[in-house]
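Structure, as structure tokens:
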Amino acid sequence: MLYRIFSTQTLALFVTLGIGVFLSPSAHAALGNRQLQTLHGQVLPAYYRGNTFDLLKSMSSLTKRMSTDQLAELDDELSAKGAPSAAEILVNARMTLLRQNLGRSLSKPNRNEMLITLDGIRRELESVATAAEQHAFMSDPLPARTTLEDYEPLLWDVHVLDQRLQTTSVLADYALSLTDRPLKISTRSLDDEQREILDTDFGALKARIDEIRRDLAEREIELRIQRLAASVSILRNSDNIRNRFFASRAVDIDGALLINELERREKNGAPGFRRAALKEEDLVEEIDRFVVDGRELAGDMITKSRLLFEGLHWWLRGRYGSGPDGFGLLKSPQALTSAEARFALYMPTEMPKPTDSCDSQGYSVPEIDRRHHYIWAWEYRQVGSANRSFSNSESSSRISQETTLSRFY
Amino acid sequence: MAIRIVGYLEYGKALEQLDRLVSLCTREELAAVDDIIRDRDEYAVFTNISQRAPHKQVTTDTLAQSDKPDNERRGLSWVTALACVEFGAMLSGFTNHPNPFISIRPGGYDFGECLEILLDGTRTHYLAMQADPTLKRVVRSAGRMKPTLAYSRRVSVARKMLQTAMERGAPLYSPGEAKHLKDWQKDLDDVQIALLAKIQSYLAEQRAQDVRTVDSKFVQACGLQLSAERRELRAGTAEVT
């Protein structure tokens, strides 16, 4: 009996070994062990953690000298783990950090990455510029409004559009910084598409974006002057508290923005306005009059409207805002030290209409119904292996293995 | 680290502004504010999210379940209540703040709304953890300190939410509901004790080994966790069974 059991076990062992040998990873002919270790020990953990900095650094290092075959195999490995391709990861990571104005901390991309990044930036610049030029707000006359509340969605659109143009302009600056010196890339090794990327006139694209922003800024000034005038009229003639909240808010914010903008233009010697409605000689005096009258008529509603609308604006950012890390749940590590990074969030371009997550078939708005349901899983505290010794030296290397808890239910 | 969480700065600032607004406004002005917020879809808040949590067994508790026909809520008090609970949860999970839900006060203008969202959140965490096989594995297995710490944080948040709901909503619960809350409290305490015992055992093992373990963030993190628990034990808000 014992012999028979032993034989069966031995047979099972040989079969297992045989199967193991048969399925040994000879399929990883292109990628070396070290490359696979970097992928599984650094790149993928950074991706799952949503750590954009580490992701860019590790992926850039990994792909630096890869051949086409190796890149193809890398993409297969990434796909098997549910991650996007190497090119997509590199472009998205770099552009995410650029949009947060962290371009100065980035190392210069290597050859492969350079082409991918410039192509990504070129596409973004053209896409944003075209969309902005075709936006309803950029046509004449300005979109019609009947009530004071109708100005709000228009100004929101302007704000979103301007933010997008601004971050795109940062991308253009970055592309120019990469291409302003001769690139150490042999053109003989490039195909037609790659040469086209390097031949892109990023200066012209940036100029186009800047021109759109200038036009947009003037239109916004015109709109705010119209709203300011309408608000003063309401404060003078209406007892409706709701309307007085909106009017007070407009006097407060439009008054400050307009006065600051006009003073800034005068101080910097900015060129004159191009839009006819802004060419009046006594424009500054007219705005001043509106602001003084409006503040006097509003009284303490100025403070209350400020508290209301600023409070609600912060609430919207908390409810619908998305950070660059942790799959949207986190801001960048720079938020610990930089006020700019603490403030930076991705916001929806259109005002969301939330849904009941109990009714939604899969996708709900916002996707994160309650942040406290998920953030507990963000475990940033490092844990060492039980039987491993560590040194105080900063040069000691250890592969960090982190468990990502993605399951909620 | 809490500052990195999206919503921490934002909800904190929102509460700062909106609470001050409430203190300054007349009744008519508050009514107008409520009107403005109700009219905007983006400020709608949905409750009863705990309905989605897996139910391990048939539950007869009626806590955090509204008798209204739908889950959509609108108005200033719901807006501030959501901010209050989210912000408080972040404080309780990522800081040593002794009273993370300080602004939830009986008599407050949004007290009822806060309580409903708080209980709904507690129930969601409780039911989800009850049905979570990963939690069971983490509790039973050796090592795996990272998920241990993460779950311990989750239990801390849930316990803090529950404790707040029990203390401040006490007069509002029926005897049956109060018993349900007590049962949840005991279950959560048991899980936390098991997780902490595992952390303590790991620390003891590290100290006993003849190597220098200087992963200071981990040891500090465990220490913070343990000291928070010891505070609760001293305060009588936790007990060891």
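The values are calculated or read from the model by the stated rules, or taken from the named source; none is laboratory data. Please read these numbers as outputs of a predicted model, since none were measured by experiment. As a convention, Cβ positions derive from the backbone with ideal geometry for all residues, glycine included, and neighbour counts pool all protein chains shown. Just so you know, the surface numbers come from the protein's heavy atoms only, side chains and all, with ligands and any DNA or RNA stripped out. Shrake-Rupley method; radii C 1.70, N 1.55, O 1.52, S 1.80 Å.
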A:Ser396, sole failed condition from (1) within 8 Å of chain B (Cβ to nearest Cβ); (2) within 27 Å of A:Leu55 (Cβ to Cβ); (3) at pLDDT below 90:
(1)
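Taking the condition hydroxyl-bearing (Ser, Thr, Tyr), in contact with a helix residue (DSSP H, G or I) (Cβ under 8 Å, 6 or more places away or on another chain), more than 29 Å from A:His313 (Cβ to Cβ) and touching a residue at least 12 places away in the same chain (Cβ under 8 Å), does A:Thr117 pass?
Details: hydroxyl-bearing (Ser, Thr, Tyr): yes; in contact with a helix residue (DSSP H, G or I) (Cβ under 8 Å, 6 or more places away or on another chain): yes; more than 29 Å from A:His313 (Cβ to Cβ): yes; touching a residue at least 12 places away in the same chain (Cβ under 8 Å): yes.
Yes: the conditions hold for A:Thr117.
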How about the stretch A:49-71: which of its residues are out of contact with any Asp or Glu (no Cβ under 8 Å at 6 or more places or on another chain) and hydroxyl-bearing (Ser, Thr, Tyr)?
A:Ser58, A:Ser61, A:Ser67, A:Thr68
Could you pull out every one of the helices (runs of 4 or more DSSP H) wholly within the stretch A:20-134 that has 1 or more residues that are hydrophobic (A, V, I, L, M, F, W, C) and under 21 Å from A:Gln334 (Cβ atoms)?
A:44-49, A:52-63, A:86-99
Exactly one condition in (1) touching a helix residue (DSSP H, G or I) at 6+ places or on another chain (Cβ under 8 Å); (2) closer than 16 Å to A:Leu31 by Cα is not met by A:Arg65; state its number.
(1)
Return the residue satisfying two criteria in turn: it lies in the stretch A:103-148 and is hydroxyl-bearing (Ser, Thr, Tyr) and under 17 Å from the mean Cα position of the chain (by Cα), and of such residues it is least open to solvent (accessible area, probe 1.4 Å).
A:Thr117
Out of A:Glu340, A:Glu350, A:Glu367, A:Glu402, sole residue that is acidic (Asp, Glu) and at pLDDT below 60
A:Glu402
Select from the stretch A:345-362 the residues that are among the acidic types (Asp, Glu) and more than 7 Å from every other protein chain (Cβ to nearest Cβ) and write down the one among them that is farthest from B:Asp70 (Cα to Cα).
A:Glu350
Among the residues of the stretch A:276-290, what is the count of those that are outside any helix (DSSP H, G or I), within 15 Å of A:Leu223 (Cα to Cα) and open to solvent by less than 80 Å² (accessible area, probe 1.4 Å)?
0
Whether any residue in the stretch A:229-247 is within 14 Å of chain B (Cβ to nearest Cβ), in contact with a Phe, Trp or Tyr (Cβ under 7 Å, 6 or more places away or on another chain), basic (Lys, Arg) and touching a residue at least 12 places away in the same chain (Cβ under 8 Å) is what I want to check.
no
Just give me the residues in the stretch B:102-134 being free of Cβ contacts under 8 Å to residues at least 60 places away in the same chain, open to solvent by less than 10 Å² (accessible area, probe 1.4 Å) and closer than 26 Å to B:Ile199 by Cα, in sequence order.
B:His125, B:Asp132
Within the stretch A:304-321, is even one residue part of a helix (DSSP H, G or I), at pLDDT 90 or above and touching a Ser or Thr at 6+ places or on another chain (Cβ under 7 Å)?
yes
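Listed here are the residues, each with its yes/no results for (1) open to solvent by less than 50 Å² (accessible area, probe 1.4 Å); (2) in contact with a strand residue (DSSP E or B) (Cβ under 9 Å, 6 or more places away or on another chain); (3) at the interface with chain B (Cβ under 7 Å from one of its Cβ atoms).
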{"position": "A:Val292", "(1), (2), (3)": "no, no, no"}
{"position": "A:Met301", "(1), (2), (3)": "yes, no, no"}
{"position": "A:Arg306", "(1), (2), (3)": "no, no, no"}
{"position": "A:Phe309", "(1), (2), (3)": "yes, no, no"}
{"position": "A:Ser322", "(1), (2), (3)": "yes, yes, yes"}
{"position": "A:Lys331", "(1), (2), (3)": "yes, yes, yes"}
{"position": "A:Phe343", "(1), (2), (3)": "no, no, no"}
